[in-house]
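One structure is given here, and the rest of the page talks about it.
The values are calculated or read from the model by the stated rules, or taken from the named source; none is laboratory data. Worth saying up front: this structure is predicted, and the values here are computed from it rather than measured. Here the Cβ positions follow ideal geometry from the backbone for every residue, glycine too, while neighbour counts run over all protein chains shown. These area figures cover heavy atoms from the full protein model, side chains too; ligands, DNA and RNA do not enter into them. Shrake-Rupley method; radii C 1.70, N 1.55, O 1.52, S 1.80 Å.
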Amino acid sequence: MEKIRTRYAPSPTGKMHVGNLRSALYEYLVAKHEGGVFMLRIEDTDQERYVEGATDIIYRTLEATGLKHDEGPDKDGGYGPYVQSERMKTGIYMKYAKELIEKGEAYYCFCDKERLASLKTQVTEDEDGEGKTITIYDKHCLGLSKEEVEANLAAGKPFVIRQNIPNEGTTTFHDELYGDITVENSELDDMILIKSDGYPTYNFANVVDDHTMNITHVVRGNEYLSSSPKYVRLYDAFGWKVPVYIHLPLITDENHKKLSKRSGHSSFEDLIEQGFVTEAIVNYVALLGWSPEDNNEIFSLDELVKKFDYHRINKSPAVFDIVKLRWMNGEYIKAMDDDKFYEMAKPYLDKSLPADYDEAKRRKVAGMVKTRIEVFPDIEGHVDFLRALPDYDIEMYTHKKMKTDAASSLSVLQDVLPILEKATDYTNDALYQTLLKYIEEKGYKNGFVMWPIRTALSGKQMTPAGATEILELLGKEESLKRIRKGIEMLSV
Ligand code: GLU
């Protein structure tokens with residue numbers, strides 16, 4: 001069996017969108033599942049869409065996510081150059097375009113913008129159900145004689161090279177997910193292969209490159225499905241073997257609209273900025289269109305490599321569910337080792353804890369919140385009360401299960417204030433023992449005493465720590481201040 005070779009072929013046009021990341025991941029998994037080669041090719045032939053720095057984002061993201069390419073611009077594997085603008089300089093696209101012209105499968109077109117604009121346009125629906133206008137070229141220049149073409153070329157007239165698709169008949173191709181697809185040739189436009197600036201279009205370059213770089217499996221978004229018959233015609237014209245096509249389902253947002261920048265979490269960088277963990281993002285993205293045989297959903301990249309069978313990719317649209325990603329991220333955070341967690345939590349702790357907390361204290365707080373958050377920015381909401389007591393309502397002292405109300409809380413706080421004033425050892429254990437003594441003397445239940453103390457200290461229904469842990473964190477002075485404030489609030 002031939003060795004599987006896949007390629008991730010991004011255009012350097014900006015951020016790494018979730019859809020791009022999924023293509024890269026699936027290309028990687030298809031290759032690695034079979035011990036194959038995963039290649040990176042930079043598709044920069046559309047100079048108008050080129051964004052400075054976008055190539056760095058591609059490298060950084062592949063590195064961060066562990067999708068290591070075996071070949072690419074920075075790793076020669078004998079199939080270079082790996083950047084299309086550099087490939088162009090070798091003359092490869094023009095050479096093959098001319099070969100097609102020889103075969104009658106392509107032709108020079110000298111039509112100017114005005115003439116093209118006057119051609120009839122057709123409105124179709126794209127996969128979003130949105131209207132899309134296309135112009136079907138009328139083959140005007142196919143009628144030029146050889147002499148006319150040569151005269152135009154000699155005169156330096158700007159030209160493009162177009163694919164020549166017959167008006168009759170059909171074209172059939174196979175996609176692993178969608179099966180056999182047959183289209184009427186009359187619906188296929190004579191697409192441009194070489195642009196007037198001499199660059200190949202993506203439509204041409206992807207075919208030439210996938211063939212000459214020995215690519216066996218092409219995994220990409222299904223926005224390319226409708227152009228694939230034209231690509232297959234090119235493969236046939238050259239007598240080349242068509243790679244295995246795997247067109248991935250659309251990714252939608254919660255409203256079943258195509259995931260877009262508006263959703264706020266459409267790119268890898270957005271998600272990292274929002275406090276998601278790289279491994280969780282990769283794990284979640286793997287499930288956007290693919291599911292394993294069992295119900296397990298948590299997979300490391302290595303496990304994905306073992307499990308990933310592309311025959312299990314589903315063609316129905318995949319919904320990007322941020323709630324589920326948050327849950328999954330929380331699972332990754334819980335499983336993280338404490339040091340790594342602390343390092344990642346640190347910027348958020350620094351932002352929300354009192355400035356004078358030393359590292360030991362920060363680590364302690366980190367340990368308290370680790371199992372309670374889904375994304376790192378959640379930390380703030382859990383710990384900000386340590387920096388400043390929030391405004392709270394005295395209703396909060398009333399708790400049915402703890403059997404507390406405003407009056408019982410006032411009396412408990414008044415009792416414990418002198419005890420806490422006298423205490424000198426402000427550590428969790430010592431304070432707990434001290435309060436336990438009071439609780440036992442009074443014959444109270446723990447919660448009956450701890451609830452009002454915790455409320456006075458935090459002003460919150462939920463805290464990542466119990467009353468005595470909070471006493472320790474706040475220290476004597478601040479704790480007493482807050483208990484007194486509680487007493488004051490309850491006394492009016
Ligand atoms: N350059 C194309 C893109 O970024 C790649 C499509 C493909 O994988 O063939 O969408």
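Mean separation of Cα pairs under 8 Å and 6 or more residues apart, divided by the residue count, gives the range 271-420 a relative contact order of 23 percent. Extension gain for ALA64-HIS33 works out to 9.2 nm (0.36 nm per residue, less the C-alpha to C-alpha distance). Relative to the longest principal axis of the Cα atoms of the chain, the long axis of helix 92-103 makes an angle of roughly 40 degrees. Sorting 29-35, 109-115 by their mean Cβ neighbour count within 10 Å, with the most densely packed peptide first, gives 29-35, 109-115. When Rg and the Kirkwood radius Rh are both evaluated on Cα atoms of the range 150-218, their ratio Rg/Rh stands at 1.07.
When both the range 157-199 and the range 291-366 are represented by their alpha-carbon centers, they are found 44 Å apart. For the range 1-118, the relative contact order is 24 percent, taking Cα pairs closer than 8 Å that sit 6 or more residues apart in sequence and dividing their mean separation by the residue count. Among the protein heavy atoms of the chain, carbon and sulfur supply 49% of the accessible surface, probe 1.4 Å, non-protein parts ignored.
Each peptide in 450-456, 407-413, 477-483 receives the mean, over its residues, of other Cβ atoms within 10 Å, and ordering these scores from highest gives 450-456, 407-413, 477-483.
Neighbours of ASP70 by Cβ distance under 12 Å: Lys/Arg scored +1, Asp/Glu scored -1, total +2.
Expressed as a rounded percentage, what relative contact order does the chain have, with Cα pairs under 8 Å and six or more residues apart?
In percent, rounded to a whole number, it is 12.
Would you work out the Kirkwood radius for the range 1-83? I mean one over the mean of 1/r across all pairs of different Cα atoms, in Å.
By the Kirkwood definition, the hydrodynamic radius is 13.0 Å.
Relative protection proxy for 211-221, 166-176, from highest mean packing down: 211-221, 166-176 (other beta-carbon atoms within 10 angstrom). Between LYS476 and GLU395, the C-beta separation translates, for a Förster distance of 35 Å, into a calculated FRET efficiency of about 0.80.
Straight Cα distances below 19 angstrom link LYS139 to the lysines LYS98, LYS103, LYS113, LYS120, LYS157, LYS195, LYS230, with same-chain residues fewer than 8 positions distant left out.
When the helices of the chain are scored as -39500 (n - 2.57) per DSSP H run of n ≥ 4 and the total is divided over every residue, the value at 222 nm lands at -14000 deg cm²/dmol.
Counting only DSSP beta bridges with both residues in the chain, tell me the antiparallel percent, nearest 5. Roughly 60 percent of the beta bridges in the chain run antiparallel, per DSSP. Length gained on full extension, LYS261 to HIS174, computed as 0.36 nm times the residue gap minus the Cα-Cα distance: 28.1 nm.
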